[in-house]
1. Add +1 for every Lys or Arg and -1 for every Asp or Glu among the other residues with Cβ under 15 Å from the Cβ of GLU69, and state the total.
2. Heavy atoms only, probe 1.4 Å: what % of the accessible area of segment 72-122 goes to carbon and sulfur, would you let me know?
3. Percent relative contact order of the chain, based on C-alpha pairs within less than 8 angstrom and at least six residues apart?
4. What length, rounded to one decimal in nm, is gained on full extension from ILE95 through to VAL79, with 0.36 nm per residue of separation minus their alpha-carbon distance?
5. Each residue of segment 13-22 in turn: what ³J(HN,Hα) in whole Hz from Karplus with 6.51, -1.76, 1.60 and θ = phi - 60°, glycine and Pro shown as x?
6. Within 10 Å, Cβ to Cβ, of ILE121, how many net charges do the neighbouring residues add up to if Lys/Arg are +1 and Asp/Glu are -1?
7. Quick one: which residues, 5 or more positions from THR91 or on another chain, have an amide H under 5 Å from its amide H? H modelled 1.01 Å from N in the peptide plane, none for Pro or chain starts.
8. Hey, what angle do you get for helix 31-66 against the long axis of the chain, alpha-carbon based, 0 to 90 degrees rounded to 10?
Amino acid sequence: MNNMLENNKPHSCWNCGKTLAGRSDKKYCDDNCRNEYFNRQKETERKEIRAIDLALKRNRRILKALFKEEKDTYVKEKVLQEKGFVFNYHTHHTITKAKQDEYLFCYDYGYRKTDEGVYRIIKAFA
């Protein structure tokens, strides 16, 4: 929304609506108004991303809790689902060089569905 008017007529602050004096290209009363305006613009984005961030963190906690460092860890899909794991969200993926297996990661813990239909959980490759 552009509150500036042509021909040097008064215009208002984009945040609070007060009439601005001074330069014709001025958009805000002061730094506080500018910051409030941009914070309000980003609030919607923060709300959208928050749900995804929470799902990713929950997924990581679940994988970490199930992971056994001393040996391979395999779990059934049902176990992951019962714990609230959301398969749609992961941070990145890696394909192994040797077997071309694709692992999906939630930060530093990864998983992949095996041919037997269970999930193998690993800690990030070094």
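The values are calculated or read from the model by the stated rules, or taken from the named source; none is laboratory data. Bear in mind that the values here come from a model prediction, so they are computed numbers and not experimental data. Heads up, the Cβs are rebuilt from the backbone with ideal geometry, glycines too, and the neighbour counts pull from every protein chain shown. Just so you know, the surface numbers come from the protein's heavy atoms only, side chains and all, with ligands and any DNA or RNA stripped out. Shrake-Rupley method; radii C 1.70, N 1.55, O 1.52, S 1.80 Å.
1. Every neighbour counted, the sum reads +2.
2. 46
3. Taking the mean separation of contacting Cα pairs over the length of the chain, I get 17 percent.
4. Details: separation 16, 0.36 × 16 = 5.76 nm, distance 2.44 nm.
Length gained, ILE95 through VAL79: 3.3 nm.
5. Ordered by residue, 3J(HN,Hα) equals 5, 5, 8, 9, x, 5, 5, 9, 10, x Hz.
6. Working: positive: LYS64, LYS68, ARG112, ARG120, LYS123; negative: ASP72.
Here the count lands on +4.
7. Long-range HN contacts for THR91: PHE105, CYS106, TYR107.
8. 10
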